[in-house]
Amino acid sequence: QVQLVESGGGLVQPGGSLRLSCAASRSIFSINAIVGWYRQAPGKQRELVATITSGGNTNYADSVKGRFTISRDNAKNTVYLQMNSLKPEDTAVYYCRATRGIDYWGRGTQVTVSS
């Protein structure tokens, strides 16, 4: 069993930045895994934000392209989401998901963008 723990959320003003972290309980990110960040705003469906493969290929939702960057540190079993130029519409609970044959989800971290 793999546990994913997100951290780094909080309250930030519009235009600000946050860096989210997703730490895995054991090494799964480096081989045959796709790791993604998803978010869910109140009253809305969960949506994809960004993904990164074991090979380092990344993919982003159109709404975050140019503002968010997903990256990975295999030595630390951690995937990051650097979020810049944050907007109020980025407010949501952000979840980490790792897929390696089986889907693993974290419990989420709240991001609130408000003045």
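Observations on the model:
- Computed from phi, the 3J(HN,Hα) profile of segment 78-89 under the Karplus parametrisation 6.51, -1.76, 1.60 (θ = phi - 60°) reads 9, 10, 10, 10, 8, 10, 10, 6, 5, 10, x, 6 Hz, with x in place of Gly and Pro.
- Area of Leu11 that stays accessible when all protein chains are in place (1.4 Å probe, Å², to 10): 130
- Å² per residue, accessible surface of segment 2-83 at 1.4 Å: 52
- Here the contact order of the chain, divided by its residue count and restricted to Cα pairs under 8 Å and six or more residues apart, works out to 37 percent.
- Per-residue HN-Hα couplings for segment 30-47 [Karplus 6.51, -1.76, 1.60; θ = phi - 60°; Hz; x = Gly/Pro]: 8, 10, 6, 10, 10, 10, x, 9, 10, 9, 9, 8, x, x, 10, 6, 5, 10
- Separation of the Gln110 and Arg26 label points, Cα + 7 Å toward Cβ, nm: 3.3
- Shape of the chain, Cα gyration tensor, a/c cut at 1.5: prolate
- Of the solvent-accessible surface of the chain, computed with a 1.4 Å probe and all protein chains present, 45% belongs to carbon and sulfur.
The values are calculated or read from the model by the stated rules, or taken from the named source; none is laboratory data. Everything numeric in this text was worked out from a predicted model, so none of it was measured. Every residue, glycine as well, gets a Cβ built from its backbone with ideal geometry; the counts of neighbours run over all protein chains shown. Areas reflect the complete protein model, heavy atoms only, side chains present, ligands, DNA and RNA absent. Shrake-Rupley method; radii C 1.70, N 1.55, O 1.52, S 1.80 Å.
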